[in-house]
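Working notes, structure below.
What follows draws every value from the coordinates through simple rules; no lab data is involved. Everything quoted here is computed from the prediction, not taken from an experiment. In this analysis, Cβ positions are derived from the backbone assuming ideal geometry, glycine residues included, and neighbour counts consider all displayed protein chains.
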């Protein structure tokens, strides 16, 4: 079973490492616009063979598109235009609605499976790829009714081999949920980093004092714009909706402090503490 | 060398564990208003002996106050009123200006060392105490000129035995820096948790989808109000200052999204990425 991997970054690379370890694939054929990334991936034995775009499509049973989500929209159409009835295409992007919509009327729509393995770090590129990245995390497969059963079955096997928990979800719902669970965290981290960089001119002091709490809250602020600008663009409405709510929640803290209403401040914190019961089930 | 520990929670307990491991102390005598905490600390061998408040002061060479910062203000005065010229008192609270100010004119002021070991987790109580909590983190000693040299020397030895990096800082400056580095992270985490709890009614979905990014950004939202309301109260002006800046930074993201100004969005993210260079020195 040959896998064609378009994009050998953190996500594609980590998938490839695990699928090879599980001997799920006989060969991983890779294409990437970055020669440096391809060479690194080859040296780390993440991939078996570097190929042209056309060669990859011709020789792979399943094609995994692991690119930033705006590039995914373009490349997905190019792949669908070229595959046979028996080939499968999947993407792993963090947004699903726009990507699914763009292929709605494509004659090969049913050969495509829209999915999102929910893992990532602030790092990128094949050097950051790691074999057990996805274990025990959620993999979302969107709108399975729009894909052939054999395609869904195959993608399911991939995520099972990555040791992930598979969920099925409508693409629009997926984007709404990920705005809350993932996208807003990145915006708050970015804004927090910018706040500190704006207010704190003594860089050495930031570095010396930074406690584990600060590091974990601001960790996502290291994430690259090449990945995140396209996500925010595609999920604009949901992200704005959550961002507005977040600003109004912060204003409640501001108001409690300004009015020295410490009972209200305590209430706000006790409410936030409820997240413990949800996350630590 | 006998240490009197007032408050056997996460911080006091973790300090005691390490100081015992290093054999820095012959006995840890403890007082806490919670009998449950005292019993747990005794069972875990965090402390050697439970004592009355008066008994603890009488029998300890150094007294460590490890309480929430409002309680620290009260207890510190009570301790200073009772100690001899040769005894030392230190606190470990997250705010330093108000606590230092309150003892400014106390005849025993020079027996007191204001300090802040910069570590914590979202957990609390002696069950959460851990022996290597403080290793390689910063310990701030404030206004050392207001303390006897022998007192500073002793507190320095304590932090050295906790394997911490010692910094000296003016108490007002400490509170300004910690507002940026620590206190604001807690408010953004609390507000993020409240945002998700407000917007996301499907609790199971939060739990299933929560990726590592979300968990790390929202982790601090599990922290208890008993500790954090007093910190925000004492550091109100600095926290408000940073919170206002943070809200205005978030509004830049909002504006970039609303206007679909993705170049500006990229700029904001690239600026935030600079935190990488500061944290990963």
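Computed from Cα positions, the angle between helix A:225-234 and the longest principal axis of chain A comes to roughly 90 degrees.
Normalised by the number of residues in chain A, the mean separation of alpha-carbon contacts (under 8 Å, six or more apart) gives a relative contact order of 17 percent. What's the angle, to the nearest 10 degrees (0 to 90), between helix B:184-199's Cα axis and the longest principal axis of chain B? Long axis of B:184-199 versus the principal axis of chain B: about 50 degrees. For chain B, the mean residue ellipticity at 222 nm estimated from helices alone is -16000 deg cm²/dmol, where every DSSP H run of n ≥ 4 contributes -39500 (n - 2.57) and the total is divided by all residues, rounded to the nearest 500.
Each copy carries a label point for residue B:267 at 7 Å from Cα toward Cβ; from one copy, the others' points are 4.1 nm away, ordered from shortest.
Which whole number in µm²/s is D for segment A:174-279 by Stokes-Einstein, with the Kirkwood Rh taken over Cα pairs at 4 °C and 1.567 mPa s?
82 µm²/s
All distinct Cα pairs of the protein assembly as shown go into the 1/r average, and the inverse of that average, the Kirkwood radius, is 25.6 Å.
Take every pair of alpha-carbon atoms less than 8 Å apart whose residues are at least six positions apart; their mean separation over the length of segment A:105-156 yields a relative contact order of 53 percent. Between the beta carbons of residue B:202 and residue A:102, assuming R0 = 22 Å, the FRET efficiency works out to 0.20 to the nearest 0.05.
When the Cα atoms of segment A:1-70 are aligned to their principal axes, the ranges along those axes come out at 29, 25, 22 Å in descending order. Among B:70, B:78, B:266, the largest mean-square fluctuation in a Gaussian network model of chain B, built with springs joining Cα atoms closer than 10 Å, belongs to B:266. Beta bridges from DSSP with both residues in segment B:2-169: antiparallel share about 15 percent, rounded to the nearest 5. Of the residues B:243, B:67, B:209, which exhibits the maximal mean-square fluctuation in a Gaussian network model of chain B defined by a 10 Å Cα contact cut-off? Among B:243, B:67, B:209, the largest mean-square fluctuation in the Gaussian network model of chain B belongs to B:209. Per the Debye calculation on chain B with a single equal scatterer at every Cα and no solvent contribution, log₁₀ I(q)/I(0) for q = 0.08, 0.11 Å⁻¹ amounts to -0.39, -0.69.
Relative to the longest principal axis of the Cα atoms of chain A, the long axis of helix A:236-258 makes an angle of roughly 20 degrees. For the protein assembly as shown, the antiparallel share of DSSP beta bridges with both residues in that region comes to about 15%.
Report Rg(Cα)/(2.2 N^0.38 Å) for segment B:2-169, keeping two decimals.
0.92
Result for chain A in a Gaussian network model with C-alpha springs under 10 Å: among A:23, A:156, A:96, the largest mean-square fluctuation is at A:23. Each Cα pair under 8 Å and six or more residues apart adds its separation to the average, and for segment B:1-51 the resulting relative contact order is 42 percent.
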